[in-house]
Amino acid sequence: MDRSLNRIEIRGNVGQDARISKVGDNTVARFNVATNETYKDRTGTLKEETTWHTVTAWGGRGMPDFSQIRKGACVYVLGRLRQNRYTASDGTERSFYEVLAARVTIEWPTVP
């Protein structure tokens, strides 16, 4: 039995058109998604906090046409979180998190 769980679901707006490339026979899309959280602070003032998520999606089952992932589109992403580490040009070690998508759904707005 696997005792760990690494699952993330996000729904938000794409920050810029997906960057699409080929890796061998596979297609990969990289894009950013903004999620917003609204809350009241101690004084009762309504605040909104935006978090940006970096998403990497590989073509295949459960994936849309990546050219449809355009700035402003609302997307739902299901996947797992992965930490990447690298050494910057100044020699410091840095890291960032990315969502490795298992499924991406483009949620088109409904027209009244």
Response to the item:
T45 vs (1) under 15 Å from the mean Cα position of the chain (by Cα); (2) over 17 Å from L78 (Cβ atoms): all pass except (1)
Worksheet item: Of all the residues that make up the range 32-57, how many are within 16 Å of E98 (Cβ to Cβ) and free of Cβ contacts under 8 Å to residues at least 40 places away in the same chain?
Response: 5
Worksheet item: Do the conditions hold for P64, that is, is it open to solvent by less than 80 Å² (accessible area, probe 1.4 Å), modelled with pLDDT under 95 and in a loop (DSSP other than H, G, I, E, B)?
Response: yes
Fill in: Selection from the range 75-95 of residues that are outside any loop (DSSP other than H, G, I, E, B) and open to solvent by 40 Å² or more (accessible area, probe 1.4 Å)
R80, L81, R82, Q83, R85, Y86, T87, E93, R94, S95
Item to complete: Give me a count of the residues in the range 1-22 that are free of Cβ contacts under 8 Å to residues at least 12 places away in the same chain and either in a strand (DSSP E or B) or closer than 14 Å to V77 by Cβ (or both).
Response: 2
Practice prompt. Filter the range 59-83 for residues that are polar (S, T, N, Q) and either in contact (Cβ under 8 Å) with a residue 60 or more places away in the chain or closer than 13 Å to T27 by Cα (or both) and give the result.
Written response: S67
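The values are calculated or read from the model by the stated rules, or taken from the named source; none is laboratory data. Please read these numbers as outputs of a predicted model, since none were measured by experiment. Methodologically, a virtual Cβ is constructed for each residue, glycine included, from the backbone with ideal geometry; neighbour enumeration extends over all protein chains shown. The accessibility values were calculated without ligands, DNA or RNA, using every heavy atom of the protein model including side chains. Shrake-Rupley method; radii C 1.70, N 1.55, O 1.52, S 1.80 Å.
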